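Please treat every number below as a calculation from the coordinates, not as lab data. This is a predicted model, so every value here is computed, not measured. As a convention, Cβ positions derive from the backbone with ideal geometry for all residues, glycine included, and neighbour counts pool all protein chains shown.
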Amino acid sequence: MMNKMLKWILWLAGFVFLILYPKLFGIYYSNVFVTFAIFALYATSYNLLLGYTGLLSFGHAMFFGTGAYGTALALTHISGFPLIPALLAGALAAAILALILCPIMVRVGGTAFAMLHLAFGGLMYVLALKLRHITGGEDGIGGFDIPPFSIPGIVSFDMTDPLQFFYFAMVVLIGSIWILWFFTKTPFGQIMIAVRDNAKRVDYLGFRVPQTKAVIYVFSGAFCGVAGAVYALFQNLISAEDGFHVMTSFAPIMLTMVGGIGSFFGPIFGSAIFGILEELTTRYTERVELVFGLVLIFVIMFAPMGFVGTVKMIKEKWFTRQGV
Amino acid sequence: MDPVTAMYVAQGMHGLAYGMILFLLASGLTLIFGMMGILNLAHATFFMLSAYLCYQVIAWTGSFWLALLIAPIVTGIIGVLLERFLLRKVHAFGHIGELILTVGVSLVILESVKVFWGTESLPVQIPNVLQGLVTAGGLDYPIYRLFIIGLSLVILIVLMLILYKTRLGMVVRAAVSDADMVDALGINVPLVFMLVFGVGTWMAGVAGVAIAPILTVFPGLADQVGMDAFIVVVVGGFGSLGGALLVAIICGLLNSYGVQFVSQLAPVLMYIFMAIVLVFKPMGLFGERE
């Protein structure tokens, strides 16, 4: 009973904190927070594959990028296109891409799965670079109008105002993360973990493994697409480099590892850690990537379980000492 | 010979030379990634580092030959140190651990290179012997490209001989297929792996020196050629030197003829090639094991 109440109080406190955040820290840090939340959603939906289903992909940037380009293209070419359908267009584009690829992808696992993603991710990257008349090449698509979020006749929020965009982005991103969290708690989510641990046994139990993988794959792709779509709206620009580059594919893997693999909240912590790190290092040096590199080496050498795992370990140590 | 055929042949030679450099880089990667199963994303970074070392050695001594000797060896030593002190410890975490570590290492090397040498492209002069053209059958071939093709073939043959005809090669192949068993036979497997890793990075180093005069030396070198080398290893099949050679040449030719016919979309061809092969053969053309 107490626990449940504490949980609700924590949720409420988090909610109040989010509402007050822009007032407390100002617009600059609100934007930093939006970036963090975008990558948190991206990494969390990626973790559905990596952490829960045990599939390592080297090309998830293609879903992020497709989502971003989907939204950007819809807003560029259809005048007066509303905000929510634009967002859904991005998610849908990514989901369709995942749907097209999943018959190929669910047949393979392990290294082949990773490499196939590398191939298709690379293909998408080069296509985005070279199909200039559609994607704008290196420059990408930018400067499209961001429509207001409006319910006709009732309210209308101006999305070019950073403060109002902050709230909109929070609702979308945290809502999506909540859906993913809920998804892992369903019986289907349990099958997902079972597929990771022993696919053969799941098959014998009468569940269809490839179909299960396909559903998770499309789901994960669609939410990567949502993250990409919000990114495009937030930056008002999407380029091949940001959307499809192989480093964008590796980003969620790094965030998940630094945050802690095998935990739902690991990628979110990882995203926060990298966000804070970037803020701190850009103040002192231009060599942000050097610091990132050193952090990655340090984490894998000394804290391979990531932030969540290390905290858990320290906690256990502390509690056992108390017991003695 | 009429000009059109001459152009085709010249493009073919360019493609072949690029394919051979790609093969040098990819064969090192196929040893490390394909045979030992270590995902090394820093491989192309070593390739770039070696190109910079080549530039530096030439700046100090003025000799390309000395650079060709020293730069790859220094690169190989750095590779051995990486394997001995870092990579070996994360092997237990599988590909994800290696990915994180090698991405970290390549970021550190890339940024250090920018600190030491700046971001501009640096020219590398080739010695007089290698400059100029050879004329045969009414066609002009640049000597340097012929030299690259020859050098790559020599390295390929030596590598093949060591791997398949000597006791050392037998130990390496055995260690790759069943490390525990070979260890139990009293062979120092970690040492063997360290050696193979060193040879692999040395080959990346040779490729780096070979490409320096063609593309000049700049930090983006790793991105540009590294991805191509990765494709070669994956498409050729893990651990297959022959596959790597074949696919490297195909990729080189796709690249040079692609530029001629569909100029803008040339890089797309390679990825489409990779995607098609992997869809039908997930382990690559000549790959067998997971």
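For the stretch A:124-146, the set of residues classified as without any contact (Cβ under 8 Å) to a residue 60 or more places away in the chain and either closer than 24 Å to B:GLY237 by Cβ or more than 10 Å from chain B (Cβ to nearest Cβ) (or both) consists of A:VAL126, A:HIS133, listed by residue number.
Output the residue which, of all residues in the stretch A:69-93 that are among the hydroxyl-bearing types (Ser, Thr, Tyr) and touching a strand residue (DSSP E or B) at 6+ places or on another chain (Cβ under 9 Å), is surrounded by the fewest Cβ atoms within 10 Å (Cβ to Cβ). Walk me through how you get there before you give the answer.
At the first step, the residues of the stretch A:69-93 found to be among the hydroxyl-bearing types (Ser, Thr, Tyr) are A:69, A:71, A:76, A:79.
In the following step, the residues that additionally are touching a strand residue (DSSP E or B) at 6+ places or on another chain (Cβ under 9 Å) were identified as A:69, A:71, A:76.
Values: A:TYR69: 30, A:THR71: 32, A:THR76: 16.
Filtering first and then ranking leaves A:THR76.
Screening B:GLY205 with (1) crowded, with 16+ Cβ neighbours inside 10 Å; (2) touching a residue at least 60 places away in the same chain (Cβ under 8 Å); (3) closer than 17 Å to B:ILE38 by Cβ gives one miss only, at (3). Against the test of being within 30 Å of B:ALA51 (Cα to Cα), surrounded by fewer than 12 Cβ atoms within 10 Å (Cβ to Cβ), under 23 Å from the mean Cα position of the chain (by Cα) and hydrophobic (A, V, I, L, M, F, W, C), the options B:VAL158, B:VAL172 yield a single qualifying residue, B:VAL158. In summary, helices (runs of 4 or more DSSP H) completely within the stretch B:144-215 and bearing 3 or more residues that are more than 19 Å from B:ARG88 (Cβ to Cβ) occur at B:167-177, B:189-215.
If you filter the stretch B:67-126 down to residues that are of a type in the set (Lys, Arg) and facing chain A (nearest Cβ under 9 Å), you find that the one that is nearest to A:PHE302 (Cα to Cα) is B:LYS89. Residues that are under 13 Å from the mean Cα position of the chain (by Cα) number at least 1 in the following helices (runs of 4 or more DSSP H) confined to the stretch A:199-284: A:209-235, A:240-244, A:246-259, A:266-284. The number of residues in the stretch A:141-173 being assigned to a helix (DSSP H, G or I), touching a strand residue (DSSP E or B) at 6+ places or on another chain (Cβ under 9 Å) and either more than 27 Å from A:PHE244 (Cβ to Cβ) or of a type in the set (Ser, Thr, Tyr) (or both) comes to 2.
Looking at B:THR30, is it crowded, with 24+ Cβ neighbours inside 10 Å, under 26 Å from B:SER256 (Cβ atoms) and within 14 Å of chain A (Cβ to nearest Cβ)? Can you show your working first?
Values: crowded, with 24+ Cβ neighbours inside 10 Å: yes; under 26 Å from B:SER256 (Cβ atoms): yes; within 14 Å of chain A (Cβ to nearest Cβ): yes.
The answer is yes for B:THR30.
Quick check on my filter: what residues within the stretch A:236-250 are within 11 Å of chain B (Cβ to nearest Cβ) and of a type in the set (A, V, I, L, M, F, W, C)? The answer is A:VAL246, A:MET247, A:PHE250. Out of everything in the stretch A:279-313 that is more than 14 Å from chain B (Cβ to nearest Cβ) and farther than 21 Å from B:GLU111 by Cβ, what residue ends up being surrounded by the fewest Cβ atoms within 10 Å (Cβ to Cβ)? Only one residue tops the list, namely A:MET313. Across the stretch B:56-91, the number of residues qualifying as surrounded by 20 or more Cβ atoms within 10 Å (Cβ to Cβ) and of a type outside the set (A, V, I, L, M, F, W, C) comes to 5.
Residue-wise test of (1) in contact (Cβ under 8 Å) with a residue 12 or more places away in the chain; (2) more than 24 Å from A:PRO252 (Cβ to Cβ); (3) crowded, with 20+ Cβ neighbours inside 10 Å; (4) of a type in the set (A, V, I, L, M).
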| residue | (1), (2), (3), (4) |
| --- | --- |
| A:PHE157 | no, yes, no, no |
| A:LEU163 | yes, yes, no, yes |
| A:TYR204 | no, yes, no, no |
| A:GLY221 | yes, no, yes, no |
| A:VAL226 | yes, no, yes, yes |
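Among the residues of this structure, A:GLY51 counts as one that is within 14 Å of chain B (Cβ to nearest Cβ) and either farther than 22 Å from B:MET274 by Cβ or aromatic (Phe, Trp, Tyr) (or both). Annotation note: of B:LEU269, B:LEU265, the sole residue that is more than 17 Å from the chain's Cα centre (by Cα), within 13 Å of chain A (Cβ to nearest Cβ) and either over 29 Å from B:THR119 (Cα atoms) or not in a helix (DSSP H, G or I) (or both) is B:LEU269.
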